[in-house]
Amino acid sequence: MKRVILAGRPGVDKLPSVNNFAVEDCTCPVDIADGHVLSKTLYLSVDPYMRCRMNEDSGADYLEAWKLGEAITGGGVGVVVTSRCSNLSVGDVVESFNWPWQHYVEFPGNKVQKVDPSIVDGRCSLFLGAVGMPGLTSLFGIQEKGNVKSGGKQTMVVSGAAGACGSLAGQIAMLKGCEKVVGICGSDAKCNYLTEELKFHAAINYKTEDVGKCLENVASEGVDVYFDNVGGDISNTVIHQMNPESRVILCGQISQYNKDVPYPPPLPENIQEILRTKNITRERYLVLNYQDKFLEGIMQLASWVKSGQLKVKESVVNEIENCGAAFVSMMTGGNIGKQIVHVADL
């Protein structure tokens, strides 16, 4: 079997490249330990936060940096093929947030979570997206940090709006009663996807349009909630147009991940002054703080997906050898919706 390892670090202020990853042969576990399972990998997730793990220091106390020469790990879904664990049987579908990028993985039984494919109509990849961590991140961000409420006549702006979290967050905000949702993304195709398929009220292509001027037109009443996936200049522009007592949902800072800075990155003094003067809430947000609500959240997300109220798009790359290329493409905006790698069938 094969695995993908970290072959080199990009370096400070450097973009990741496929050369940072290497594929090597490894031995498939045969005699697994008591209490363990052997799982066949079905899908692997590539996500922006992983860029931080490529550095010697991830910059976040809850993220461990990857070690050179060792297998990359992240979100994964697989099927149990051998079990010496009383709680898991052959054929069970399991997931982990710490799944090595390799074809077969031996796990202690308590390090994987059994999932039910029936709640996603057998689409197990959704456990890495809309009915997984991105979905939960979007849902709890809106619920717990955004103060989105029906009838509140709120306007929400989402940056990175065509990505895994952004595309879900905008839809969830509308389902929760947000009156207007504006997406910011990096291509006309993505803008069309947001407005035509997901029914965002407006979309701005930051590569070809002036974000500030566009926001003045499409959100003339100001911004009440900002779902921030990117940080940097785009976020500074949005914050300039936020209303008093508004809220920033600090989901991600992808524009800053190539830099050697702490998370969340420091803001320019003039932006900090706007936050203070207008009493804008901008708090670090970590979905893992809401684990007691995960089951409830997953069932809500699955229900919305099944009913068609939550539309899902995936960008799929096949074969474990292409994990590095999928990651690099995702980091440069090559995906619409959730970027996943399909490794094997159930």
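Please treat every number below as a calculation from the coordinates, not as lab data. What you are looking at is a predicted structure, and each value in this text was computed from that prediction instead of being measured. Reconstructed Cβ throughout: ideal geometry from the backbone, glycine too, with neighbour counts over all protein chains shown.
Here is the list for the stretch 279-346: GluC sites (Glu not before Pro) lying in DSSP coil, each with at most 14 other C-beta atoms within 10 angstrom of its C-beta, are E319. One decimal place: the segment T281-N87 gains 65.5 nm when fully extended, by the rule 0.36 nm per residue minus the C-alpha distance. Sorting 108-116, 183-191 by average packing, meaning the other beta carbons within 10 Å per residue, from highest down gives 183-191, 108-116. Potential lengthening of the chain between A7 and L346 amounts to 119.1 nm, from the contour at 0.36 nm per residue minus the alpha-carbon distance.
Every pair of different Cα atoms in the stretch 21-88 enters the Kirkwood calculation, which places the hydrodynamic radius at 14.4 Å.
Placing +1 on the Cβ of every Lys and Arg and -1 on the Cβ of every Asp and Glu, with no other charges, gives the stretch 163-322 a dipole of roughly 320 debye about its Cα centre. At an R0 of 25 angstrom, the distance between the Cβ atoms of E56 and E24 translates into a FRET efficiency of 0.70.
Membrane-span-like helices in the chain, defined purely by DSSP H runs whose alpha carbon atoms cover 15 Å or more axially and whose average Kyte-Doolittle hydropathy reaches -0.5, are 164-175, 294-307.
Rounded to two decimals, the Cα-based Rg/Rh of the chain, with Kirkwood Rh, is 0.98.
Spacing of the modelled spin labels on L288 and V218, each 7 Å from Cα toward Cβ, amounts to 3.4 nm.
A dipole drawn for the stretch 105-186 from +1 and -1 charges on Cβ atoms has a positive end, and of V182, A169, V131 the residue lying farthest that way is V182. By its C-alpha gyration tensor, with a ≥ b ≥ c as the square roots of the eigenvalues, how is the stretch 126-272 shaped: rounded for a/c under 1.5, else prolate for a/b larger than b/c, else oblate? Verdict is rounded for the stretch 126-272.
Overall, the stretch 296-338 carries a charge dipole of about 260 debye about its Cα centre when +1 sits on the Cβ of Lys and Arg and -1 on the Cβ of Asp and Glu, all other atoms neutral.
I'd like the FRET efficiency for R123 and E245, computed as 1/(1 + (r/R0)^6) with the beta carbon distance as r and R0 of 35 Å, rounded to 0.05. It comes to 0.30.
If you wrap the tightest convex hull around every Cα atom of the stretch 282-346 and split its volume per residue, you get 162 Å³.
Projecting the Cα atoms of L286, V148, H103 onto the dipole axis of the chain, where Lys and Arg carry +1 and Asp and Glu carry -1 at the beta carbon, places V148 farthest toward the positive end. For D210 and S17, the difference between the fully extended length at 0.36 nm per residue and the C-alpha to C-alpha distance is 66.5 nm. In the chain, helices alone account for a calculated mean residue ellipticity at 222 nm of -6500 deg cm²/dmol, with every DSSP H run of four or more residues adding -39,500 (n - 2.57). When you count the other C-beta atoms within 10 angstrom of each residue and take the mean per peptide, 170-178, 58-66 line up highest first as 170-178, 58-66.
Considering only G74, S58, Q113, and ranking their Cα positions along the charge dipole of the stretch 51-118 that arises from unit charges at the beta-carbon of Lys, Arg, Asp and Glu, the one farthest toward the positive end is Q113.
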